[in-house]
Amino acid sequence: MNVSEVTWVSGWASDVSIWEDEIYERFSNFSHRFVDYFDLISCEEITSKSGIVVGWSMGTLMLLQSLAKKPAEQKWILVCPIADFCAEGCWPLSAVRATKQGILQNTEQTLMSFSAMMGDVQKEEREKWVENAMRYSPKQLAQGLDYLMQKKADLTVPHQNVEFIFGAQDKIVPLAQKELFPSGKISENSGHWLLDYFSYYSNSAGNNSLLA
């Protein structure tokens, strides 16, 4: 296991590597590898030999599918984690189906509307996320929404060395999702935007503290 490497597992329609410059600057003591949304929809489970794995949104649900295979010494940091996307107080199945229909009929507009729920994000950054998300076909994007509707995490599996972090302002993975988890921290000023959590950790405990 490479203790000085971090694997970043992307969320729905996302590629964390679009922020690799900021990641390398903030977490300069580590090497980094990135699991793109393409990777999520092309395999059954995500495994890594990195010492630290950071999962975001849909990527956390996929990681939790392989929780029983997680090495005990490997640290997982799951940001905006999902156990059941359509749990009570979260996304109704009808809303996810409507989003899927929107993706198939008007992909860019639906992605823009989705990005607006990520929090207080600058317009240029949201447009960057949407531009990247447009690399995926409507069929590939719809496949991820089907996954979110169908899959649930088994949290009865032991989860040693796993940290769950929720955003109090998150409209995509609302705090109702936290009720499904045995533990978890809340970032009061964070929404669904992954970069929110970089600032949260840097401001609270200094550079590299997210991965300490």
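The values are calculated or read from the model by the stated rules, or taken from the named source; none is laboratory data. Since the model is a prediction, treat every value here as computed from it, not as a measurement. A quick note on method: Cβ atoms are made from the backbone with ideal geometry, for glycine too, and the neighbour counts reach across all protein chains shown.
Checking Glu88 against (1) at pLDDT below 95; (2) of a type in the set (Asp, Glu); (3) in contact with an Asp or Glu (Cβ under 9 Å, 6 or more places away or on another chain): exactly one of these is not met. Which one?
The number of the failed condition is (1).
Could you check how many residues of the range 1-26 are within 18 Å of the chain's Cα centre (by Cα) and outside any helix (DSSP H, G or I)?
10
Could you check Thr47 against (1) at pLDDT 95 or above; (2) out of contact with any Asp or Glu (no Cβ under 7 Å at 6 or more places or on another chain) and say which number it fails?
Only one criterion is unmet by Thr47, namely (1).
Have a look at Ser4, Ser17 and point out the one that is surrounded by fewer than 23 Cβ atoms within 10 Å (Cβ to Cβ), under 22 Å from Ala72 (Cβ atoms) and among the small types (Gly, Ala, Ser).
Ser4
Only one of these is in contact (Cβ under 8 Å) with a residue 40 or more places away in the chain, farther than 19 Å from Asp15 by Cα and of a type in the set (S, T, N, Q): Gln101, Gln74, Gln105. Name it.
Gln74
Looking only at the range 161-180, count every residue that is within 21 Å of Trp8 (Cβ to Cβ) and outside any helix (DSSP H, G or I) and tell me the total. Break it down stepwise before answering.
So the first thing to find is which residues in the range 161-180 are within 21 Å of Trp8 (Cβ to Cβ), and the list is 161-167, 170, 172-173, 177.
From what is left, the residues that are outside any helix (DSSP H, G or I) are 161-167, 170, 172-173.
Count: 10.
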